[in-house]
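What follows is a set of notes on a single structure, which appears directly below.
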């Protein structure tokens with residue numbers, strides 16, 4: 001699969017994540033990144049805002065948090081928020097980012113805007129949808 005084809009599938013999975021978040025009554029930001037099989041550094045990344053990119057009342061920049069979760073997932077090749085992982089600069093340590101590998105691709109998805117557990121449900125849902133689209 002070319003990077004262009006994979007990006008198209010990634011965008012569809014993000015739309016599915018947005019629909020899932022709305023179904024669950026959530027607002028926030030969905031992020032998704034994938035490293036195509038055979039690649040080493042050229043991650044493809046996309047983002048989708050679900051109603052709002054931030055929560056000023058609570059003081060949360062949901063874009064920054066979602067990408068931080070995604071970045072932690074990429075760096076550790078594990079779900080974000082693992083208490084055994086020593087955070088490095090730029091990571092916030094929040095749960096809600098999910099990691100998987102499928103058909104040689106590395107997948108890093110995250111959501112920010114609800115509880116950590118709900119965020120993780122949406123992130124894992126996005127991964128499952130992308131796997132369906134990849135086939």
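The values are calculated or read from the model by the stated rules, or taken from the named source; none is laboratory data. Keep in mind that this is a model prediction, so the values were computed, not measured. All Cβ positions, even for glycine, are placed from backbone atoms using ideal geometry, and neighbour counts span all protein chains on display.
The requirement of being out of contact with any strand residue (DSSP E or B) (no Cβ under 6 Å at 6 or more places or on another chain) and touching a residue at least 40 places away in the same chain (Cβ under 8 Å) is not satisfied by residue 5.
Residue 85 meets each of the listed conditions (1) touching a helix residue (DSSP H, G or I) at 6+ places or on another chain (Cβ under 7 Å); (2) modelled with pLDDT of 90 or more apart from (2).
Pairs are defined by a Cβ separation below 6 Å, a sequence spacing of at least 6 or placement on different chains, a first member in the range 39-54 that is at negative phi, and a second member that is in a loop (DSSP other than H, G, I, E, B) and surrounded by 14 or more Cβ atoms within 10 Å (Cβ to Cβ); the pairs so defined are 50/27; 52/27. Residues in the range 22-58 that are out of contact with any strand residue (DSSP E or B) (no Cβ under 9 Å at 6 or more places or on another chain) and at pLDDT 95 or above: 23, 24, 25.
Of all residues in the range 99-118, those being in contact with a strand residue (DSSP E or B) (Cβ under 7 Å, 6 or more places away or on another chain) and under 16 Å from residue 17 (Cβ atoms) number 10.
Every residue in the range 101-126 that is free of Cβ contacts under 8 Å to residues at least 60 places away in the same chain and under 12 Å from residue 32 (Cα atoms), please. Answer for the range 101-126, where residues must be free of Cβ contacts under 8 Å to residues at least 60 places away in the same chain and under 12 Å from residue 32 (Cα atoms): just 124.
Considering only residues in the range 76-98 that are in contact with a strand residue (DSSP E or B) (Cβ under 6 Å, 6 or more places away or on another chain) and over 13 Å from residue 31 (Cβ atoms), the one that is surrounded by the most Cβ atoms within 10 Å (Cβ to Cβ) turns out to be 79.
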